[in-house]
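Notes follow once the structure below has been shown.
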Amino acid sequence: MEKQKVRVAGTWAGVLELELHNWNVAMLREEVAKRSNCNPNSINLISAGRILRDHDPTLAQLGIKNNAKILSTRISPEEGLSIKNHIIAEDERSTRLSRLKAAATALAGRHADGSLPVEDFNIEVEDQSGKKVQLGSDTDQRAVMMGLMLDANGKRLIRQGNYKDALEVLTMGEEAFSLCDPKVLELIDNVPILQINMVWCYFMLQDISLLSEAGKRLEMARAGLERAHGKNLLRLRLLQGGRFPELALHLRLELLEGVVAYHSGQFEKARVALTSAEAKFARLQVSDETLSAVMNMGFKEVNAKRALRMTNQDVGGAIDLLLEEKAKKRQKQMEDIQRRNEIWEQKKYGMTPLKKPVDLSRLDELVSIGFERELAAEALRRNENDSDKALDDLTKPDTNSNLREYIESRERKRQRRDRDSEIESYVQMGFERSRVVAAVEGGGTPDEVMQRLMMPQPEAAANTNMQNEEANPNGGANSSAPLPAVAPQNVENQDVNNNNGEGEGEGEGGSSSSARRERDVEMEDEISADIASSDALGDYDIEVNIEGEAITRYLAMLESPPPPQ
């Protein structure tokens, strides 16, 4: 292949002949460093105003052509290390955001279509009163769930002061919401609140280059809040029993509207917005007297402040709100426990041919007229939850007998699997397989099994073990049998996979174990923790100290001579 010329200036000046389609940045840096008698990490390469990175593609793919000019500069080792660390950090950040989006997509897909979750938790959409709601189609439900997950993660990042990442995550959340039917989104206030939070990130990052976009987002947010809360907040007042949870949120909205107006030269509009925000800030200041009165009832300071802000400083109303929230939380915990138990029961029965769980309400109906629970569950599973068809199978002697045989066979398989899993767990501890099998078959609790394994071995057995170790020095204490192909945690995961699908008919299969192994459990756990820690009034529970300082600062700026245009 014909070589091209690259003209280098800076730490080393000269012409290099190379193949642009085969050379990459790392190779070019190495060559320049060698000719400059310095370490490659101390060389920066710049082309067309851009710093070239080692992970960039070939020089040709970067647009570098024959006779192109490359500037090489020398940097200190500390600076080079700092740049390298920055690049690594940005790569890790990009990877994390991609994982987050993929995990949210996977979670939303699993929890929106009515199939059983493979996790130990279940995600369902609720309104502010805690009632579960189904928003639109499965596609709409999936989009809303994904948006809510990313929104919750973004708000946590805001609380941590990580506004850059929060903005990225909230942008992904906005994209998810955009996949939903707009008429469905009009029923909820999550989207306008997300837009306010995005502009808050602009403000905290001091990025005034996004002013025009910020203005549009705030307009959409105000219109969205009016649709969701009703004209003059009538719907919100009815829902919240006359309380004022929205004050802090509207304060932030008006502050941001004032900031955007000020930097756009609309000073009178800025004054109106900031003055209104200032009045709301005054209403949100909790006096020591009222705070003490609520705390004396046994409530924590942070909860007492929140309740007082949302009830316009009414002590009695704040106490009522706290008691209501406490009762709701307790009720929700009970419902969550019940739902978790239901999910595990459904997993035990397996999936229908169309991959749906057994309908427990229909199962209860069949049980109430005298059928055994597991037998009725299998009949419903085979018949896609059709109660009439399941009843026919249960009342016909031949199909009833077939159902019983299948259940007994499934139970035997489960027992064998549990036994094998238990054996493998002890083998992984270093015990000889034959001894483990004998100890497990002896029955009893795990402690009793362990006591048998810890008993001294007969002399003959000990000699046999010694011979085995000599014959296979790498085999360790369990050299009489090879180690299983999977680690103990994978064995346990396999049990979960089998349990989830063991109620399915032949050839149907459930979620494949390979697909489950591809789950990003760490990221999904992070998302689920964000969802679990949120509550119905969390979006309105804003500490407004930063907002108060900003209001004072911008009102003072309005009193000063106008800035040059």
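Assorted remarks:
- Computed label-point distance, nm, for sites ILE208 and ALA282 using a 7 Å Cα→Cβ extension: 2.9
- Overall Cα dimensions of the range 384-442 - principal axes, largest extent first, Å: 54, 20, 11
- In the range 259-359, Cα pairs under 8 Å separated by at least six residues give a relative contact order of 14 percent.
- Mean Cβ neighbour count within 10 Å, used as a protection proxy, ranking 195-204, 307-316 highest first: 195-204, 307-316
- Placing R0 at 41 angstrom, the Cβ-Cβ distance between THR171 and LEU323 gives a FRET efficiency of 0.60 after rounding to 0.05.
- Of the peptides 275-287, 360-372, 406-418, the order by per-residue mean of other Cβ atoms within 10 Å, starting with the highest, comes out as 275-287, 360-372, 406-418.
- 14 Å beta-carbon shell around TRP12, net charge (K/R +1, D/E -1): +4
- Packing-based ranking of 36-47, 288-299 yields 36-47, 288-299, ordered from highest to lowest mean Cβ neighbour count within 10 Å.
- Charge dipole magnitude, Cβ of K and R +1, D and E -1 - the range 280-389, Cα centre, debye nearest 20: 540
- Of every Cα-Cα pair in the range 336-379, the percent that sits beyond 11 Å: 65
- The tail of the calculated P(r) for the range 277-394 beyond 17 Å holds 66 percent of all Cα-Cα pairs.
- Förster radius 51 Å - calculated FRET efficiency between LYS356 and MET297 (Cβ-Cβ, nearest 0.05): 0.60
- The count of lysine pairs in the range 241-365 whose Cα atoms are under 26 Å apart, excluding pairs fewer than 8 places apart on the same chain, comes to 17.
No value in this document is a laboratory result; all are computed from the given coordinates. No experiment lies behind these values; they were computed from the predicted model shown. Backbone-built Cβ (ideal geometry, glycine too); neighbour counts: all protein chains shown.
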